[in-house]
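> Okay, handing you the structure first.
The values are calculated or read from the model by the stated rules, or taken from the named source; none is laboratory data. Quick caveat, the model's predicted, so the values are computed rather than measured. Glycine also receives a Cβ, built like all others from the backbone with ideal geometry; neighbour counts cover every protein chain displayed.
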Amino acid sequence: MNVKLNQKIAELQNVEYLTITPSCADESTVLGGCYYGYQKYCKENNLPLNIKPLNHLYLVNEYSDKQIDEFIAEAVLALEMGADAADIGLTIHPHPTLSESFAFAAEMIEGTITDLYVKK
């Protein structure tokens with residue numbers, strides 16, 4: 001997922017906030033599909049294929065099954081405890097970790113997030 005592209009999208013006038021879905025390891029499928037469709041369109045219409053290389057992509061972290069299990073366990077614990085978004089956002093989370101994104105989501109709900117760009 002491209003941080004610069006996400007920033008440009010977030011800065012669009014009609015975008016109130018931007019949420020980036022955690023990677024499921026198939027995000028490049030969309031790019032490949034778009035490239036294939038554009039290539040086919042150009043070929044069928046005798047147009048030059050003019051695609052510049054992507055030199056500035058940000059590669060996100062990969063998470064192990066153990067990390068994902070811990071993230072799910074944290075969410076289940078919060079639900080069982082009856083924690084609300086404010087409780088979760090005020091809980092200390094190690095940085096940088098996957099579980100920290102759980103706190104980020106809660107802070108987005110509460111409107112208290114400082115780590116992500118949210119257009120006011």
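> Residues in region 87-96: is at least one of a type in the set (S, T, N, Q), surrounded by 10 or more Cβ atoms within 10 Å (Cβ to Cβ), under 18 Å from the mean Cα position of the chain (by Cα) and modelled with pLDDT of 75 or more?
If we filter region 87-96 for residues that are of a type in the set (S, T, N, Q), which is where we start, we get 91.
Next, from what is left, pick out any that are surrounded by 10 or more Cβ atoms within 10 Å (Cβ to Cβ): 91.
Going one step further and asking which of them are under 18 Å from the mean Cα position of the chain (by Cα), we end up with none.
Checked region 87-96: no residue is of a type in the set (S, T, N, Q), surrounded by 10 or more Cβ atoms within 10 Å (Cβ to Cβ), under 18 Å from the mean Cα position of the chain (by Cα) and modelled with pLDDT of 75 or more.
Here is a yes/no grid of residues against (1) touching a strand residue (DSSP E or B) at 6+ places or on another chain (Cβ under 9 Å); (2) within 29 Å of Ile113 (Cα to Cα); (3) at pLDDT 70 or above; (4) polar (S, T, N, Q):
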site	(1), (2), (3), (4)
Asn2	no, yes, no, yes
Ala10	yes, yes, yes, no
Gln13	no, yes, yes, yes
Thr19	no, yes, no, yes
Gly32	no, no, yes, no
Tyr35	no, no, yes, no
Lys43	no, no, yes, no
